Amino acid sequence: MLRVPGRSVLRSNERGLPVGTQAVQDTEYDFRQPRQIGSTTMDHAFTDLERDEDGLARVELRDPDHGTGVSLWVDASYPILMLFTGDTLSTHFGAHASMISTASTIILGGLADGLRKEAQT
């Protein structure tokens with residue numbers, strides 16, 4: 001289950017250059033409430049971040065079957081969260097073998113399989 005606090009996503013052209021923003025509401029990129037990634041492929045910058053009372057925006061990735069997960073928080077100096085799924089990088093591991101979030105150089109690796117392996121050790 002993925003939760004992303006972005007209310008908007010940057011749209012890009014075929015060269016990957018930003019060309020505008022779009023509200024995530026009623027789109028496949030609305031992860032403001034935790035949900036499965038499913039078939040959504042991401043290589044998007046989320047903006048207009050919802051922040052908690054401490055001023056932090058939090059991305060959360062959870063495996064509800066095993067009770068494991070990981071959370072990434074950023075302060076106000078990070079107005080954008082870049083998230084991408086690794087399924088376009090290699091077909092060896094299958095769709096959504098990893099979920100990567102970058103805020104500077106921070107990486108969350110290991111969606112379902114990685115979290116399960118961690119829970120077993």
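Just one of the numbered conditions (1) closer than 17 Å to Trp73 by Cβ; (2) surrounded by fewer than 15 Cβ atoms within 10 Å (Cβ to Cβ) is not true of Asp43: (1). Is it the case that Ala57 is within 30 Å of Arg15 (Cβ to Cβ), of a type in the set (Gly, Ala, Ser), touching a Lys or Arg at 6+ places or on another chain (Cβ under 6 Å) and buried (at least 17 other Cβ atoms within 10 Å of the Cβ)? In short, yes.
Taking segment 46-80, which residues are β-branched (Val, Ile, Thr), part of a strand (DSSP E or B) and under 24 Å from Glu28 (Cβ atoms)? Don't jump to the end; show me each part of the working.
In the first step, residues of segment 46-80 are kept if they are β-branched (Val, Ile, Thr); the result is 47, 59, 68, 70, 74, 80.
Of the ones still in play, those that are also part of a strand (DSSP E or B) are 47, 59, 68, 70, 74.
Thr47, Val59, Val70, Val74, listed by residue number.
If you scan segment 1-17, which residues turn out to be assigned to a strand (DSSP E or B) and over 27 Å from Val70 (Cβ atoms)?
Here is the first cut: in segment 1-17, the ones assigned to a strand (DSSP E or B) are 2-3, 6-12.
Across segment 1-17, the qualifying residue is only Arg11.
On the basis of being modelled with pLDDT of 90 or more and either of a type in the set (Ser, Thr, Tyr) or on the phi > 0 side of the Ramachandran plot (or both), does Thr102 make the cut? Against the criterion (modelled with pLDDT of 90 or more and either of a type in the set (Ser, Thr, Tyr) or on the phi > 0 side of the Ramachandran plot (or both)), Thr102 does not qualify. Taking segment 1-40 as the search range and keeping residues that are among the basic types (Lys, Arg) and over 21 Å from Leu61 (Cα atoms), which one is surrounded by the fewest Cβ atoms within 10 Å (Cβ to Cβ)? Only one residue fits best here, namely Arg15.
Just checking, which of Thr40, Thr27, Thr21 is free of Cβ contacts under 8 Å to residues at least 40 places away in the same chain and assigned to a loop (DSSP other than H, G, I, E, B)?
Values: Thr40 fails: free of Cβ contacts under 8 Å to residues at least 40 places away in the same chain; Thr21 fails: assigned to a loop (DSSP other than H, G, I, E, B).
The unique qualifying residue is Thr27.
The values are calculated or read from the model by the stated rules, or taken from the named source; none is laboratory data. Given the structure is predicted, the values throughout are model-derived calculations rather than measurements. Virtual Cβ from ideal backbone geometry, glycine too; neighbours counted across all protein chains shown.
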